[in-house]
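Asks: Next up is a structure, given as structure tokens.
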Amino acid sequence: MTVSVLNQSGVLNRITGLFTRRQFNIESITVGPTEAEGISKMTFVVNVEDDRKMEQLTKQLNKQIDVLKVSDITDQAIVIRELALIKVISTPQTRGEIKGIIEPFRATIVDVAKDSVTVQIAGNFEKVETIIDLLRPYGIKEISRTGITALPRGSQKSVTDFKQYTILN
């Protein structure tokens, strides 16, 4: 689900509060500016098994102040990405092995320290999880993940007309 909003103080709090009141667990959330000045896009990953509950959530979100557009992109062809930074314990001897593991994933080493390397990976959830599992035997010191962000694929209608207050299903 994506929600386009006016970039105003308190908007994120009001929207996440609505999820809390309706007892929806947010599995992932990303927020960032869009191509339109003053407008941000929020991407929520929420496990909703009941279509009626999803419809109710969408209606409630559309009623919120500063919400311009709510899009349920669940059933659309979408591009999904997540960024992860993974700090892995390494020695000069294991750095080559780690590099060999991450290359097929198009991941990169973005920092090298005496006792660790930091790997950057972007991809879908499964890709990120797989590389984490492969690096785990070396010892993971720290992980930071952005959460999932998504856009409908290019062959579909663009979600950029913020003057329309419609729901895309």
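The values are calculated or read from the model by the stated rules, or taken from the named source; none is laboratory data. Because the structure is predicted, anything quoted here is derived from the model rather than measured. Glycine gets a Cβ as well: all are built from the backbone with ideal geometry, and neighbour counts include every protein chain shown.
Asks: For region 69-76, does any single residue satisfy the condition of being of a type in the set (D, E, K, R) and part of a loop (DSSP other than H, G, I, E, B)?
Replies: Yes.
Asks: Which one of these is touching a Ser or Thr at 6+ places or on another chain (Cβ under 7 Å) and over 25 Å from N124 (Cβ atoms): N13, N62, N7?
Replies: N7 is the lone residue from the list that is touching a Ser or Thr at 6+ places or on another chain (Cβ under 7 Å) and over 25 Å from N124 (Cβ atoms).
Asks: Can you confirm whether region 61-69 contains a residue that is closer than 19 Å to G147 by Cα, under 19 Å from the mean Cα position of the chain (by Cα) and either modelled with pLDDT under 95 or among the charged types (D, E, K, R) (or both)?
Replies: no
Asks: Can you tell me which residue within region 136-169, out of those that are modelled with pLDDT under 50 and of a type in the set (D, E, K, R), is nearest to the chain's Cα centre (by Cα)?
Replies: Filtering region 136-169 for residues that are modelled with pLDDT under 50 and of a type in the set (D, E, K, R), the one nearest to the chain's Cα centre (by Cα) comes out as D161.
Asks: On to the next question. Within region 32-44, is there a residue that is over 18 Å from F125 (Cα atoms), touching a residue at least 60 places away in the same chain (Cβ under 8 Å) and surrounded by fewer than 13 Cβ atoms within 10 Å (Cβ to Cβ)?
Replies: Yes, that holds for at least one residue.
Asks: Select from region 124-135 the residues that are modelled with pLDDT of 95 or more and either more than 16 Å from G100 (Cβ to Cβ) or aromatic (F, W, Y) (or both) and list them in ascending order.
Replies: The answer is K127, V128, E129, I132.
Asks: Can you name every residue in region 91-108 that is buried (at least 16 other Cβ atoms within 10 Å of the Cβ), under 10 Å from V119 (Cα atoms) and without any contact (Cβ under 8 Å) to a residue 40 or more places away in the chain?
Replies: I102, A107, listed by residue number.
Asks: Select from region 102-117 the residues that are among the charged types (D, E, K, R) and over 11 Å from L85 (Cβ atoms) and list them in ascending order.
Replies: Correct list: E103, R106, K114, D115.
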